[in-house]
Amino acid sequence: MSRVLYKVVIPEFKTHVRQGKTKWKKINGQSIYTSAHHRVRHLFMEQIHNYLTLFITPLEAPITSKPLEIHVTIYAPINYGDVRRIRGKVNWKPAKEDYQPSWDLDNFSWIWIKGMQDVLQKQNVIPDDTVKYIRKVSYEYVPVDSLDERKMVLSISHSDPGIVRIWKKLFTKNDKKDGK
């Protein structure tokens, strides 16, 4: 990845969103998109968007129109999948020495990345979240010892120069066809 153009750190990211007066739903893509009604999914994503807006500040102009790469690094304890919300409080205990994780990085990450791309566009950090501007999205997991150390780091960089030339050629041609 090339030089970072934009970076956001989200410390102690939310673990749950409100689903009712006393009911909470863990932020996990699989449980939301496979089991929830479309209106519940909309409210869920609205909460994620509102939360991310606290960290992704608006810009006067997008950082670039060249193809970008988004990378998200998730710092969380190895037993993050066991985090629960009980009586309104997040409940977590350190993993035992022989603990084997059962949570899926992809299920955790994609819902956050979807929300991030939406908010990046809304806050005018990127022109759009289509493949014309976002060429690559990646994520990685870094284990930490405590739930208090959890964070997400969002980095946006240009694609390598060879890709930029191909993108420019491809999309300039398409823009001319569309009369732009």
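Among residues of segment 51-98 being at pLDDT below 95, of a type in the set (S, T, N, Q) and in a loop (DSSP other than H, G, I, E, B), the one that is nearest to the chain's Cα centre (by Cα) is T57.
Does I126 satisfy being surrounded by 16 or more Cβ atoms within 10 Å (Cβ to Cβ) and part of a loop (DSSP other than H, G, I, E, B)? Reasoning before the result, please.
Working: surrounded by 16 or more Cβ atoms within 10 Å (Cβ to Cβ): yes; part of a loop (DSSP other than H, G, I, E, B): yes.
Taking the combined requirement at face value, the residue satisfies it.
Residue check: is R85 out of contact with any Leu (no Cβ under 6 Å at 6 or more places or on another chain), basic (K, R), surrounded by fewer than 15 Cβ atoms within 10 Å (Cβ to Cβ) and farther than 30 Å from K168 by Cβ? No: the conditions fail for R85.
Consider P77 carefully, then state whether it is farther than 29 Å from D145 by Cα, surrounded by 12 or more Cβ atoms within 10 Å (Cβ to Cβ), in contact with a Ser or Thr (Cβ under 7 Å, 6 or more places away or on another chain) and touching a residue at least 24 places away in the same chain (Cβ under 8 Å).
Working: farther than 29 Å from D145 by Cα: no; surrounded by 12 or more Cβ atoms within 10 Å (Cβ to Cβ): yes; in contact with a Ser or Thr (Cβ under 7 Å, 6 or more places away or on another chain): yes; touching a residue at least 24 places away in the same chain (Cβ under 8 Å): yes.
Judged against the criteria, P77 is not a match.
Scanning segment 106-135 for residues that are among the hydrophobic types (A, V, I, L, M, F, W, C) and at positive phi yields nothing.
Among the residues that make up segment 110-122, is at least one of them of a type in the set (K, R) and either without any contact (Cβ under 8 Å) to a residue 40 or more places away in the chain or part of a loop (DSSP other than H, G, I, E, B) (or both)? Steps first, please.
Restricting attention to segment 110-122, the residues satisfying the condition of being of a type in the set (K, R) are 114, 122.
So of that shortlist, the ones also either without any contact (Cβ under 8 Å) to a residue 40 or more places away in the chain or part of a loop (DSSP other than H, G, I, E, B) (or both) come out as none.
Checked against the condition, which is being of a type in the set (K, R) and either without any contact (Cβ under 8 Å) to a residue 40 or more places away in the chain or part of a loop (DSSP other than H, G, I, E, B) (or both), segment 110-122 yields no hits at all.
Taking the criterion of being surrounded by fewer than 16 Cβ atoms within 10 Å (Cβ to Cβ), in a strand (DSSP E or B) and in contact with a Lys or Arg (Cβ under 9 Å, 6 or more places away or on another chain), would at least one residue in segment 158-179 satisfy it? Looking through segment 158-179, none of the residues is surrounded by fewer than 16 Cβ atoms within 10 Å (Cβ to Cβ), in a strand (DSSP E or B) and in contact with a Lys or Arg (Cβ under 9 Å, 6 or more places away or on another chain).
Restricted to segment 153-168, and to residues that are among the aliphatic types (A, V, I, L, M) and in contact (Cβ under 8 Å) with a residue 60 or more places away in the chain, which residue is farthest from L68 (Cα to Cα)?
Only one residue fits best here, namely V153.
Residues that are over 15 Å from V8 (Cβ atoms), touching a residue at least 24 places away in the same chain (Cβ under 8 Å) and in a helix (DSSP H, G or I) are absent from segment 135-142.
Give K151, K114 a once-over and let me know the one that is at pLDDT below 95, of a type in the set (D, E, K, R) and within 13 Å of the chain's Cα centre (by Cα). Walk me through it before giving the result.
Values: K151 fails: at pLDDT below 95.
One residue alone meets the criteria, K114.
If the condition is being out of contact with any Leu (no Cβ under 8 Å at 6 or more places or on another chain), in contact (Cβ under 8 Å) with a residue 24 or more places away in the chain and farther than 18 Å from V153 by Cα, then segment 45-74 contributes M45, Q47, L59, E60, A61, P62, S65, K66, P67.
The values are calculated or read from the model by the stated rules, or taken from the named source; none is laboratory data. Model, not experiment: these values are computed from the prediction. Every residue, glycine among them, receives a Cβ derived from its backbone with ideal geometry; neighbour counts consider all protein chains shown.
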